[in-house]
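Just so it is clear, none of the values below were taken in a lab; they were calculated from the coordinates. These numbers were taken from a predicted model, which means no experiment stands behind them. Glycine also receives a Cβ, built like all others from the backbone with ideal geometry; neighbour counts cover every protein chain displayed.
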Amino acid sequence: MSVATEPPLTLADLEHWSFAGTALAVVGRPVAHSLSPEMHNAALAQLAQTQPRFRDWRYFKFDIAPADLPRALQLFHEKKFHGLNLTVPHKALAVELLAAGDPLVRIAGAANTLSRDATGWRGTNTDGYGLATALREELHIALADAPVLLLGAGGAARAAAVECLQQNCAALWIGNRSAASLSALMTSLHPLSSPTPPRGFDLHHPPADLPAGCLVVNATSLGLAPQDATPLDLSKIPRPAAVFDMIYRPPLTALLRQAAALGLAHANGLAMLIHQGARSLEIWTGQPAPVAIMQSAAHRALGTP
Ligand code: NDP
């Protein structure tokens, strides 16, 4: 499998940063295998063909420790970076460091897209948009009116839960391994809970009264390792309408293999990755993102057709 090979930059590189153009970056730890630089630089090159102002725009990759995030965000601002994507584990950590965030960032407790303003960083979260767009594109499912069984209570699940409730999904069940993070998520979703309050459950004990025809969304990280088990035995719940796994590497998790064996519509998280990135780029450039170019770049970096 081919992967993005450019080594990440570090805090030391940032301390001595000088780049004459407009800089964007993804910031995470680990971040070495992020596909974002490939996707965004391909998109910027495409935009530059018709709009010369994008010729000096570049997207970089920074490996930053959680403890260094406050210093790094201050430096990114001083060094005039135009925008940042945040990935694991910074999405939640950054929320308290923002100069401004849209209200949904506060509810989701996670930001994945930062835009520079005069006083600091303005945060938003494009993961929910990426999920909703991927579901429409890959599974022909609109979140509005869909009953959703969401697995996980981490950063990605939080953004997904907010999107489901904002789009008035028919019902939302959220299952998680640890009761503490599930309970924290349920509390933070409270402002969005009317008219359909979400219901939480222990991942190992799905509710007995689930209807058939749910959309199952995996937002746990169980599946990232090729030998990982499925977070939910699909044969133990009423027949779902479809299964979406946010994981895209490996492309077929145990959950998706079981969905395929049961003859259920299913998709991995690659389209979500592409669409959350496309929306970030639109926020920074004010231009429609060349989604097909970003998609080809992601497939090239992954070595998939
Ligand atoms: P977090 O670390 O914030 O959350 C991890 C979640 O997975 C928690 O709910 C955690 O449960 C659960 N979990 C971890 N290990 C296990 C296990 N062994 N059994 C059951 N549950 C487990 O990660 P994120 O929310 O940021 O990411 C979650 C997944 O979504 C990752 O695989 C990530 O790659 C993917 N993702 C994909 C995106 C895309 O664009 N396609 C975008 C963002 C994320 P607990 O609370 O009990 O620890």
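Brief remarks on what is shown
- Simple spin-label estimate for Ser181 and Arg55 in nanometres, 7 Å along Cα-Cβ: 4.6
- Rh by Kirkwood over Cα pairs, then Stokes-Einstein D for the chain at 1.002 mPa s and 20 °C, µm²/s: 108
- Under 11 Å, Cβ to Cβ, from Leu98 - net charge with Lys/Arg +1 and Asp/Glu -1: -1
- The C-alpha atoms of segment 155-304 occupy a region whose extents along the principal axes are 44, 38, 27 Å, arranged from largest to smallest.
- Compactness of segment 68-122 was expressed as the Cα radius of gyration divided by 2.2 N^0.38 Å, which yields 1.01.
- Contact order for the chain, expressed relative to its length and based on alpha carbon pairs under 8 Å spaced 6+ residues apart, stands at 18 percent.
- Across segment 213-222, computed HN-Hα scalar couplings (Karplus, 6.51 cos²θ - 1.76 cosθ + 1.60, θ = phi - 60°) run x, 6, 9, 8, 10, 8, 10, 8, 8, 6 Hz from first to last residue, x flagging Gly and Pro.
- On Cα atoms only, tilt of 270-285 relative to the major axis of the chain in degrees: 40
- Relative to the longest principal axis of the Cα atoms of the chain, the long axis of helix 69-78 makes an angle of roughly 40 degrees.
- Within the listed set Ala157, Ala67, Ala171, the residue fluctuating most in the Gaussian network model of the chain (springs between alpha-carbon atoms under 10 angstrom) is Ala67.
- Cross-link partners of Lys79 among aspartates and glutamates (Cα-Cα below 20 Å; sequence separation of 8 or more within a chain): Asp13, Glu15, Asp56, Asp63, Asp68, Asp117
- Cα gyration tensor of segment 51-191 - equivalent ellipsoid semi-axes, whole Å, descending: 29, 19, 13
- Counting charges near Thr220 (Lys, Arg +1; Asp, Glu -1) among other residues having Cβ under 12 Å from its Cβ returns a value of -1.
- Net charge of Cβ neighbours under 12 Å - reference Phe201; Lys, Arg +1; Asp, Glu -1: 0
- Between Ala229 and Arg106, full extension at 0.36 nm per residue minus the direct alpha carbon distance yields a gain of 41.0 nm.
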